[in-house]
Each structure stands twice: as structure tokens, then as C-alpha cells.
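A.B. asks: This structure is in C-alpha cells; I'll ask about it shortly.
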Amino acid sequence: MLIHCFMGISRSTAAAFIIACALKPSCGRKLLAVRLREQAPSATPNTRLVSLADELLSRKGRMNNAIQQIGRGCDACEGSPFILDFL
């Protein structure tokens, strides 16, 4: 699946994280967040989008916590393309 965003830092990285969490519910959210950061050092997933998905997927704050634990990504004007391999 391709997720495209002009900047590639906040909304698209949130979308990638949300999709990974939805498709692999047995995989730890922290592991997915860490893999996201490894593949995209500038990734700073949009907390509002993650929060909405956390609620819709009934993850009881675990998605939000995982994103908070990885913190803000490195400063960048735009993100670099990356592959989030979570299979």
C-alpha cells in the first residue's frame, strides 16, 4: 500500500502507523512505533489522528503511548520515502 503526502512527516506517518496497528493487532504498538522511527527518522505521527484511531480500534491508549514513547522525530523540511515492513 502506498501512502503519499507532500511533507511526509506527520499525517502520512500517522497513517502508516495506524494501518500497521490495524493490520497486525497482535504486534506490539511500541515495536511498530520503533520500526517507524527507524525507517523514518523525521516521523512525528499526528497525535490527533493516532488518538482517533486508538479510540476506533479500541486500543485503550496503547497506540498513543507508543507514539509518545518514540517522541518527536528529527527536524526536517520534508520526510524521506520509507518502507514500514511490519509483516
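Coordinate-derived values only; no laboratory data. Bear in mind the structure is a predicted one, so any value in this text is a computation, not a measurement. Every residue, glycine among them, receives a Cβ derived from its backbone with ideal geometry; neighbour counts consider all protein chains shown.
A.B. asks: Beta carbons within 10 angstrom, averaged per residue: use that to sort the peptides 75-84, 4-13, highest first.
C.D. replies: Listed from highest to lowest mean packing, they are 4-13, 75-84.
A.B. asks: Grab the DSSP H runs of the chain that are 4 residues or longer, score each as -39,500 (n - 2.57), total them, divide by all residues and round the 222 nm result to the nearest 500 deg cm²/dmol.
C.D. replies: Values: 4 runs with 43 residues, N = 87.
For the chain, the value works out to -15000 deg cm²/dmol.
A.B. asks: For segment 13-18, just list the computed ³J(HN,Hα) in residue order, Karplus coefficients 6.51, -1.76 and 1.60, θ = phi - 60°, integers in Hz, with x standing in for Gly and Pro.
C.D. replies: 6, 5, 4, 4, 5, 4
A.B. asks: Could you please report the charge total around Ala53, scoring K, R as +1 and D, E as -1 over all other residues with beta-carbon less than 13 angstrom from its beta-carbon? Don't jump to the answer; show the numbers that get you there.
C.D. replies: On the way: positive: Arg11, Arg29, Arg48, Arg59, Lys60, Arg62; negative: Asp54, Glu55.
So the surrounding residues net to +4.
A.B. asks: Rank Ala22, Ala43, Ala33 by mean-square fluctuation in a GNM of the chain with C-alpha springs under 10 angstrom and give only the top-ranked residue.
C.D. replies: Result: Ala22 has the largest fluctuation of those listed.
A.B. asks: Related question: For every other residue with a beta carbon closer than 14 angstrom to the beta carbon of Leu32, add +1 if it is Lys or Arg and -1 if Asp or Glu, then tell me the sum. List each step's numbers first, then the result.
C.D. replies: On the way: positive: Lys24, Arg29, Lys30, Arg35, Arg37, Arg59, Arg62; negative: Glu38, Asp54, Asp85.
Local net charge: +4.
A.B. asks: When the chain is modelled as a GNM with alpha-carbon springs shorter than 10 Å, which of Ser26, Ser51, Ser42 fluctuates the most?
C.D. replies: Its mean-square fluctuation being the largest, the pick is Ser26.
A.B. asks: [x] 65, 22, 20; [y] 33, 23, 19; [z] 52, 27, 20: which one is Cα extents along the principal axes in Å as calculated from this entry?
C.D. replies: Calculated Cα extents along the principal axes in Å: the matching label is [y].
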